[in-house]
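Written below as structure tokens is the structure these notes are about.
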Amino acid sequence: MQSGGSYGPELLGFLELLPTPAVLLRLDDGAIIWLSSSGAGLIGAEENSQVVGKSILEFVATEQHAFVTRDMHKLMQGADRVSPLVYTLQRTDGKTGSVHVESIPLVFNDTPAALSLLVDVTEREDALIALGESETRYRSLVESSPDAILVSVAGEIVYANPTAAADAARHGVTELEGCSVFEFLPSDPDHVGRLKQLYTEGGVLPWIETIVRYHDDHAFPAEIHTTLIAWHGEPAAQTVVRDISQRKAAEAEIREYQDHLQQLVDERTRGLERAMAELESMNLDLMNANAAKSSFMAAMSHELRTPLNSIIGFSAILEKGLAGELNEEQAKQIEIINAAGRQLLGLVGNVLDLERIESGRTEVITRELAPVDMAIKLVEMVRPLAENKGLHISCIPGEDLPQRLRTDQLKLEQIIMNLLANGIKYTDTGSVVLNLSAEEGWFRFTVKDTGPGVPPDQHDLIFEEFYQHSTRDNVAKPVGAGLGLAIARRLADLLGGRLWLESEEDVGSTFALELPLA
Ligand code: ADP
């Protein structure tokens with residue numbers, strides 16, 4: 001039985017004033033009796049007359065016709081209202097819209113009718129559709145993520161993506177949804193505090209490194225990152241859990257490797273330190289041995305000198321006939337004894353010199369000297385030796401020589417004397433010349449002879465102690481102990497200079513000594 005009040009045309013004026021669009025329908029066939037002007041606008045009609053008389057079904061999506069018919073029937077049967085529904089409108093302009101409809105029965109002009117109040121919800125519905133779409137997009141992103149993602153509302157997990165579910169399943173947890181998120185994620189006050197802050201202030205929690213525990217027995221290192229999102233209209237925490245056990249294992253391996261390397265380095269360093277200590281103690285032994293050798297040599301040399309001087313002195317007395325007349329043979333032999341004594345004394349002197357230089361006991365005493373005068377004096381001293389062998393000897397000072405040279409005169413004379421003596425000793429024919437020159441801050445003395453020369457591979461060796469190069473058959477054997485040049489080079493070093501040889505076999509030798517002018 002139809003219910004509701006009975007109205008005449010005065011109802012229409014009242015309905016027209018309502019803020020909500022309204023429509024009157026005939027209950028038996030759903031024909032539109034009247035439509036408010038805002039209602040006409042809603043279904044895209046310019047005037048009421050365009051739609052009055054037409055069935056309401058023309059303006060409702062086909063799949064919803066059954067609901068319209070059902071509701072009309074309910075009202076016809078006496079229901080005092082039908083539950084409100086959202087209908088999809090088929091507008092006259094071909095567009096669609098969404099309208100929320102609430103209907104009550106009444107009698108209009110004696111005809112059973114339904115008064116339906118319409119609310120346009122097109123925008124809201126569109127928004128819901130868009131929301132649906134964005135949710136679908138969110139889901140598809142989250143579901144395909146290689147990271148585990150948990151969404152929790154008030155600490156309870158409401159969604160776990162497939163990666164999270166698979167991780168949990170691997171560790172014996174079959175259902176994540178409904179569990180407390182703190183069963184798995186850190187529940188320390190710090191983290192919980194940060195989550196609370198996220199809920200109240202929103203935003204994002206930065207990535208933190210932590211331990212995630214899907215099972216009592218299984219914990220793994222992870223980085224987690226939490227964002228506040230809306231989950232079905234409620235604030236929720238979305239936590240991305242990134243398993244970093246592999247990275248951690250790799251880091252641990254690198255650390256182990258580094259430790260191993262460090263160990264190796266430490267071992268090597270210790271080995272090296274041991275070797276250094278050994279070397280140091282060997283060095284000390286050597287220095288001690290050297291000191292012992294030096295004092296032995298010094299003592300021995302002095303011990304030798306005394307009897308040698310007696311041998312030389314007394315043989316000279318004998319030689320001169322001061323102890324009585326000597327026959328020719330005796331005189332010859334005494335001369336040999338005297339010469340051998342002098343040679344031995346020279347050798348002892350050389351050994352002492354070398355020992356003094358090596359032990360650093362040689363003092364350098366510099367003073368100004370006139371280099372040209374000194375050179376001429378030295379050449380004159382050895383002239384008799386040279387002329388005895390039929391050699392030509394001379395001193396050639398170059399042009400523009402400095403007048404003065406500051407050096408240790410005795411040592412300089414010893415070097416040049418040695419070079420001159422060697423030149424005379426090893427040269428059989430020709431000449432020995434002492435040249436003087438100066439250039440670029442250096443004063444140079446060269447002793448050039450026309451002797452046998454020295455093969456190139458021995459240019460440096462002859463400056464070593466006791467070295468005497470193997471002379472060929474046609475060249476006189478050296479007379480000496482191979483110490484003269486060794487001493488000369490060390491003295492040159494002491495004077496801050498250098499001594500070297502330029503020589504060509506069968507042409508001659510040139511020994512050059514350079515001393516600094518400054
Ligand atoms: P030594 O007492 O034997 O002369 P030195 O140290 O003075 O010792 O010389 C070392 C070696 O160098 C000599 O044995 C000799 O073979 C060679 N030597 C030195 N001076 C000359 C020179 N002017 N010409 C050729 N050889 C030389």
Next item on the list: State which residue pairs qualify: first residue without any contact (Cβ under 8 Å) to a residue 60 or more places away in the chain and open to solvent by 50 Å² or more (accessible area, probe 1.4 Å) and inside the range 412-439, second residue more than 8 Å from the ligand (Cβ to nearest atom) and assigned to a helix (DSSP H, G or I) in any location, beta carbons under 7 Å apart, and separation of 6 or more residues or different chains.
Entry: MET417/LEU378
Notebook entry, point to check: Which of the residues belonging to the range 378-398 are under 25 Å from THR366 (Cα atoms) and either part of a strand (DSSP E or B) or not small (Gly, Ala, Ser) (or both)?
Noted result: LEU378, VAL379, GLU380, MET381, VAL382, CYS395, ILE396, PRO397
Next item on the list: Can you tell me which residue among LEU205, LEU195 is part of a helix (DSSP H, G or I), in contact (Cβ under 8 Å) with a residue 12 or more places away in the chain and under 41 Å from the mean Cα position of the chain (by Cα)?
Entry: LEU195
Note to self: Looking only at residues that are farther than 30 Å from SER180 by Cα and open to solvent by less than 70 Å² (accessible area, probe 1.4 Å) in the range 226-276, which one is farthest from the chain's Cα centre (by Cα)?
What the structure shows: ALA275
Check: Does ALA66 satisfy being touching a residue at least 24 places away in the same chain (Cβ under 8 Å) and either exposed (fewer than 14 other Cβ atoms within 10 Å of the Cβ) or over 13 Å from SER116 (Cβ atoms) (or both)?
Finding: no
Next item on the list: Would you mind finding the one in THR306, THR269, THR227 that is closer than 25 Å to ASP188 by Cα and polar (S, T, N, Q)?
Entry: THR227
Notebook entry, point to check: Exactly one of (1) open to solvent by 80 Å² or more (accessible area, probe 1.4 Å); (2) farther than 30 Å from ARG170 by Cα is unmet by SER295. Its number?
Noted result: (1)
Note to self: I need a count of the residues in the range 311-339 that are of a type outside the set (Val, Ile, Thr) and open to solvent by 50 Å² or more (accessible area, probe 1.4 Å).
What the structure shows: 16
Next item on the list: Considering only the range 411-442, state which residues are assigned to a helix (DSSP H, G or I) and either among the basic types (Lys, Arg) or more than 9 Å from the ligand (Cβ to nearest atom) (or both).
Entry: LYS411, LEU412, GLU413, GLN414, ILE415, ILE416, MET417, LEU420, LYS425
Next item on the list: Could you tell me whether GLU175 is assigned to a loop (DSSP other than H, G, I, E, B) and free of Cβ contacts under 8 Å to residues at least 12 places away in the same chain?
Entry: yes
Check: Is there a residue in the range 356-366 that is loosely packed, with under 12 Cβ neighbours inside 10 Å and charged (D, E, K, R)?
Finding: yes
Note to self: Condition first: acidic (Asp, Glu) and modelled with pLDDT under 85. Now tell me which residues in the range 176-200 satisfy that.
What the structure shows: GLU183, ASP188, ASP190
Check: Which of the residues belonging to the range 114-125 are touching a Ser or Thr at 6+ places or on another chain (Cβ under 8 Å) and among the acidic types (Asp, Glu)?
Finding: ASP120, GLU125
Check: Is there any pair with a first residue in the range 443-470 that is more than 6 Å from the ligand (Cβ to nearest atom) and a second that is in a loop (DSSP other than H, G, I, E, B) and among the hydroxyl-bearing types (Ser, Thr, Tyr) whose Cβ atoms are under 9 Å apart and which are 6 or more apart or on different chains, and what are they?
Finding: THR450/THR427; THR450/THR429; GLN458/TYR467; GLN458/SER470; LEU461/TYR467
Check: For the range 479-507, which residues satisfy the criterion of being touching a helix residue (DSSP H, G or I) at 6+ places or on another chain (Cβ under 7 Å), part of a loop (DSSP other than H, G, I, E, B), within 11 Å of the ligand (Cβ to nearest atom) and open to solvent by less than 70 Å² (accessible area, probe 1.4 Å)?
Finding: ALA481, LEU483
Check: Does GLY451 satisfy the condition of being touching a Phe, Trp or Tyr at 6+ places or on another chain (Cβ under 8 Å) and modelled with pLDDT under 90?
Finding: no
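The values are calculated or read from the model by the stated rules, or taken from the named source; none is laboratory data. Worth saying up front: this structure is predicted, and the values here are computed from it rather than measured. We place every Cβ from the backbone using ideal geometry, glycine too, and count neighbours over all the protein chains shown. Keep in mind that these areas ignore ligands, DNA and RNA; they rest on the heavy atoms of the full protein, side chains included. Shrake-Rupley method; radii C 1.70, N 1.55, O 1.52, S 1.80 Å.
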